[in-house]
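Visitor: Next up is a structure, given as structure tokens.
Derivation of every value follows stated rules applied to the coordinates shown; laboratory data play no part. No experiment lies behind these values; they were computed from the predicted model shown. Here the Cβ is made from the backbone with ideal geometry for all residues, glycine too, and neighbour counts use every protein chain on show.
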Amino acid sequence: RYHKMIAEVQDYAIILLNKEGIIENWNVGAENIKGYTAKEIVGKSFEVFYTEEDRKNELPSRLLSIARETGKALQEGWRVRKNGSKFWGSITITALHNNEGNIIGYSKVTRDMTLQKEAQEKLAVYLANLEIQNSELEQFAYVASHDLQEPLRKIQTFTELIQENYDDKEFVITYLKKLDSSATRMAALVKSLLEYSRLSKHTITMETEPVDLNFVLSEVREDFELLISEKNARIMSEPLPFVNGNHVQLRQLFYNLIGNSLKFSSENPLIEITAAVVGKDSIPDAPKILTKHEYIRISFKDNGIGFEKQYNKTIFSLFKRLHSKNEYEGTGIGLAICKKIVENHNGYICAISELGKGAVFNVYLPNSEDLK
């Protein structure tokens, strides 16, 4: 009856391993969860259930070592079924001893926690998105109370000065120009803010399709043809992949990042664009909204003026400017738009830079292996 109790448990995979980790016994729950029949799996190493990465890192042997030294090993992680699909398993490996206290094997109990893991990830994504929305609300509040107020105050002040000095033609002309400049800046800020708000997932339904990033780059090269010639700039790129996304937004992303590199450069700008497939775990400071296992990293590296490390994250805030309007044109919303576009594509963007040593902008987009 004890043997039957173990053999017929369906919600837990209960496996008997010998000292070397070879499977000696297999219950119904193990067949349900992992997909192998006892005939197919008995006599094979339990390493077959682990991902290629875990096997390279020798995780199975390390778990046996922990169980041998401490009595048991606990671990959670992705495991592989017979058909190649993955599930999130909660594992307990317990060392088994004979009457003399010598290890004779191990029991391995696995529970499929995929549904719970997915629920946790969904909750984490929801909370992360809520945090992003709260941050955006704070930024909008700051914009309304500061950035948009500044040109308004100037307009009001200049209007009063013109009224007070109406008979002084030269004075009036001078301040009418200042008035026009403030009004123009106010219009540019409002236009940029509207452009940013239109990118929100809550105000548009984003249509997606396979997008060839090589074609996107060629379009942006054409847009900047004159500026590239004037600055004697070079844009070097290796072959880029397809991604699933919105062509218009991805073009805007490339336009803003390349335009940023061209703007904040002195002579002979060099922009290098590379692509690589990376695991989520290798993404530095990866936010919780990233739920895929693999991402395509598109890197934009330039030899421009760069910026101090302390601005690596704040540089993507609304209307964040590191230089005065007199030094470089713009409203300071370009990188905030880049961040919004990447988030719309369930990705992540970050920057690495040092003052005077150029900058690297890394864009992480979900990997779509089947796109051609």
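Visitor: What about Glu40, is it touching a residue at least 40 places away in the same chain (Cβ under 8 Å), acidic (Asp, Glu) and outside any loop (DSSP other than H, G, I, E, B)?
Guide: Yes; evaluated as a whole, the condition is true for this residue.
Visitor: Please go through (1) exposed (fewer than 14 other Cβ atoms within 10 Å of the Cβ); (2) out of contact with any Lys or Arg (no Cβ under 8 Å at 6 or more places or on another chain) for Ala67 and return the number of the only condition it doesn't satisfy.
Guide: Of (1) exposed (fewer than 14 other Cβ atoms within 10 Å of the Cβ); (2) out of contact with any Lys or Arg (no Cβ under 8 Å at 6 or more places or on another chain), only one is false for Ala67: (1).
Visitor: Which pairs turn up if I take residues in the range 221-240 that are closer than 12 Å to Ile258 by Cα and look for partners that are crowded, with 17+ Cβ neighbours inside 10 Å and of a type in the set (Asp, Glu) with beta carbon separation below 6 Å, at least 6 apart in sequence or on another chain?
Guide: Met236/Glu272
Visitor: Enumerate the pairs (first residue in the range 338-365 and without any contact (Cβ under 8 Å) to a residue 24 or more places away in the chain; second residue anywhere and surrounded by fewer than 22 Cβ atoms within 10 Å (Cβ to Cβ) and not in a strand (DSSP E or B)) with beta-carbon separation below 7 Å, excluding pairs fewer than 6 apart on the same chain, so at least 6 apart or on different chains.
Guide: Filtered contacts from the range 338-365: Lys339/Phe316.
Visitor: Do we have any residue at all in the range 101-109 that's under 26 Å from Thr291 (Cβ atoms), in contact (Cβ under 8 Å) with a residue 24 or more places away in the chain and part of a strand (DSSP E or B)?
Guide: no
Visitor: Just the residues that are surrounded by fewer than 17 Cβ atoms within 10 Å (Cβ to Cβ), farther than 18 Å from Tyr348 by Cα and out of contact with any strand residue (DSSP E or B) (no Cβ under 6 Å at 6 or more places or on another chain), please, taken from the range 260-300.
Guide: The answer is Ser266, Glu267, Asn268.
Visitor: Looking at Ser261, Ser265, which one is of a type in the set (Gly, Ala, Ser) and either part of a helix (DSSP H, G or I) or within 10 Å of the chain's Cα centre (by Cα) (or both)?
Guide: It is Ser261.
Visitor: What's the number of the only condition in (1) in a helix (DSSP H, G or I); (2) within 22 Å of Ile22 (Cβ to Cβ); (3) without any contact (Cβ under 8 Å) to a residue 60 or more places away in the chain that Ile33 fails to meet?
Guide: Against the list (1) in a helix (DSSP H, G or I); (2) within 22 Å of Ile22 (Cβ to Cβ); (3) without any contact (Cβ under 8 Å) to a residue 60 or more places away in the chain, Ile33 comes up short only on (3).
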